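A short reminder: the numbers here are calculations on the coordinates, not readings from a lab. Being a predicted model, the structure only gives us computed values, none of them experimental. So basically every Cβ, Gly included, is an ideal-geometry build from the backbone, and we count neighbours across all protein chains shown.
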Amino acid sequence: MRRALAFLTVSLGLGLAAPALSDNTGLDRLTLRSELLGWEAVGRLDLGAGGFCTGVLIAPELVLTAAHCLANARVAGRVDQLSFRAGLRDGEAVADAPVKRAVMHPGYVPSHGVSVQNVRHDVALLELSAPIPAAVAAPFVVSDLPGTGTAVSVVSYASGRAEAPSRQAVCTVQGQQADLLQFDCDVTFGASGAPVFAVSGHRAKVVSLVSSGEARGAGSAAFGMALPGLVEDLKHALRTGEGVFPAQNFTARRLSVGERGATGARFVRP
């Protein structure tokens, strides 16, 4: 992400500098099957040649991730190297499937780098070659952004912890402006596309994705986006074929949904 994030931070001004209202917890590795229970729909999206991002199921056959993770695949117009491994822990996934089709939100422009506009639209939707049963990995509902100061949670794979998901049970929304979210969760390379969850209620809901971040002293700052409108755009694209790759002839169909409601390296090294 280099120096582009400095522009991002400055351009948002004080609106994304609110003090944290809750204490952060550290990262917990979900090593045991019992620890993974309820989070199986978060998985590692393998990009080929050793690259990966994090993704999350929002329907049995639909995975949500960051658009920038697919930049190389989009240029090639191919998805044959992409695969999703739900709940991957130390070489064993609860389920895995290759990607059949993919679409990046048209508002995300790879050549524009890390800009405010790109972070707001850094979302992609993948259709798997076969659905993963909800009994194996229950998809999460996409919901609206929480307010500033709200506690959120992130589950991610990342550099140095690529073989099992890690969960930060509590971090904080530091501010939001025009569908852009800043939070102080612990993220780094590979965490791109990781779901940011609202933690209230009976089951967590996805309220954003990790798009980018930077180290700040002993902590970190991460940026995401509002999801519901973007996700509807992407579902429509899959139905119509607009912007979908690889391009193919097909008849528009209804996508199943859940309940209502080239490396992923987008981070500044310290």
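Start at zero, step by 10 Å, and the Cα-Cα distances of segment 117-189 spread as 15, 37, 39, 9 percent across the bins. Semi-axes of the equivalent ellipsoid of segment 144-183 are 24, 11, 7 Å, computed as sqrt(5λ) over the eigenvalues of the C-alpha gyration tensor in descending order. Considered as an equivalent ellipsoid built on the Cα gyration tensor, segment 149-250 has semi-axes of 27, 17, 14 Å, the largest given first.
Other residues lying with their Cβ under 11 Å from the Cβ of LEU230 contribute a combined charge of -2, Lys and Arg counting +1, Asp and Glu -1.
In segment 88-143, a dipole from Cβ-located charges (positive for Lys and Arg, negative for Asp and Glu) runs towards its positive end, and of VAL123, VAL109, VAL136 it is VAL109 whose Cα lies farthest in that direction. Based on alpha carbons, the Rg and Dmax found for segment 165-218 are 11.4, 35 Å. The relative contact order of segment 87-166, computed from alpha carbon pairs under 8 Å that lie at least 6 residues apart in sequence, is 36 percent. Look at the alpha carbon pairs under 8 Å that are at least 6 residues apart: their mean separation over the length of segment 32-158 gives a relative contact order of 31 percent.
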